[in-house]
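Note sheet for the following structure.
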Amino acid sequence: MPEVGFGTWRLRGDQARVAVRTALAVGYRHLDTATMYGNEADIGQALADSGIDRADVFLTTKIRPSDIGKARAVLRRSLQALRTDYLDLWLVHWPPSRASQSRQLWNELLELQAEGHVRDLGVSNYSLAEIDELTSSSGRTPAVNQIDWGPARYDARVLEGHANRGIAVEGYSGLKNTRLDDPVLVRIAAAHGVTPAQVVLRWHLEHNVTVIPKSEQPDRIAANFDVLGFRLSAAEVASIDGRPGR
Ligand SMILES: NC(=O)c1ccc[n+]([C@@H]2O[C@H](COP(=O)([O-])OP(=O)(O)OC[C@H]3O[C@@H](n4cnc5c(N)ncnc54)[C@H](OP(=O)(O)O)[C@@H]3O)[C@@H](O)[C@H]2O)c1
């Protein structure tokens, strides 16, 4: 999974198609969507229009817990909308309210994965206890947990818990939920000649957390991807851990 992906929540229609085309043109090869976002067809169209080989792009979509019992039909529609015959990653968007439903949905997804249209399965917004429940009931651990993350949400135990279970963490809303005028971020950004937003994204990567920033502005789409050419020191990373959110 490429460590910087493009988030698409709230992008629809032309706006989604243009933003995804821009993201692909500046180098993103990882796109994050969900059936709930209502933009899978826009993303499929943008990918087809880009001329980039499907195999070179990592595609994630998500199934709503309310679609329990209907996973096969949901997957068929997602694949059709995205114009592909496989997903790189399929996530349960958030945990169903009852553990029995969570197990049922997970088993449905495992069955469909065995048929070959999904490379990896994961979850989103799950606690470690909810993940352990899935693992112990099915013998299969989610590959990924996509969670609300950022400096203000920093908790070393959460990262350690996922690492110990071999689960990759994807962070969402890290820009939206961070005060980008925070003096610590501003100082570190100036020291590296980058923006505070780039420092926040780089901070995720230093903690081995994949990022999927969303933007509809071409300059920001490009800048958010341009975070692979500098590193933060351990002291800088530690000084960002726990900085206030907004
Ligand atoms: N699994 C889940 O439950 C879940 C929940 C939420 C999000 N997600 C996924 O994660 C992705 C990212 O999360 P998100 O969209 O909530 O938040 P985000 O990417 O952290 O922030 C997006 C917001 O920040 C602004 N922004 C983007 N780049 C910026 C920059 N360089 N400087 C200043 N502001 C910037 C954007 O405005 P402009 O567009 O105007 O630039 C937008 O308002 C989503 O798009 C979605 O794919 C998943």
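The figures follow:
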| read-out | value |
| --- | --- |
| Single condition residue 236 does not satisfy, out of (1) farther than 25 Å from residue 122 by Cα; (2) charged (D, E, K, R); (3) within 14 Å of the ligand (Cβ to nearest atom) | (3) |
| Subset of the range 1-23 (residues that are under 16 Å from residue 82 (Cα atoms), surrounded by fewer than 22 Cβ atoms within 10 Å (Cβ to Cβ) and away from the ligand (no atom under 11 Å from the Cβ)) | 12, 13, 14, 17, 18, 21 |
| Residue that is surrounded by the most Cβ atoms within 10 Å (Cβ to Cβ) [pool: residues in the range 54-68 that are under 18 Å from residue 117 (Cβ atoms) and away from the ligand (no atom under 16 Å from the Cβ)] | 54 |
| Condition broken by residue 36, with the remaining ones in (1) closer than 17 Å to residue 88 by Cα; (2) part of a helix (DSSP H, G or I) satisfied | (1) |
| Selection count, the range 190-221, where residues are more than 11 Å from the ligand (Cβ to nearest atom) and either out of contact with any Phe, Trp or Tyr (no Cβ under 9 Å at 6 or more places or on another chain) or under 23 Å from residue 26 (Cα atoms) (or both) | 10 |
| Residue in the range 103-111 that is away from the ligand (no atom under 15 Å from the Cβ), crowded, with 19+ Cβ neighbours inside 10 Å, farther than 25 Å from residue 241 by Cα and under 18 Å from the mean Cα position of the chain (by Cα) present | no |
| Single match in 193, 171 (criterion: surrounded by fewer than 21 Cβ atoms within 10 Å (Cβ to Cβ) and either out of contact with any strand residue (DSSP E or B) (no Cβ under 9 Å at 6 or more places or on another chain) or small (Gly, Ala, Ser) (or both)) | 193 |
| Every residue from the range 178-190 that is surrounded by fewer than 15 Cβ atoms within 10 Å (Cβ to Cβ) and charged (D, E, K, R) | 181, 187 |
| Of residues in the range 160-183 being in a loop (DSSP other than H, G, I, E, B) and within 8 Å of the ligand (Cβ to nearest atom), the one nearest to residue 89 (Cα to Cα) | 173 |
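Read the figures in this text as sums done on the coordinates, not as results from a lab. This is a predicted model, so every value here is computed, not measured. Using ideal geometry, Cβ is built from the backbone for each residue, glycine included, and neighbour counts are taken over all protein chains shown.
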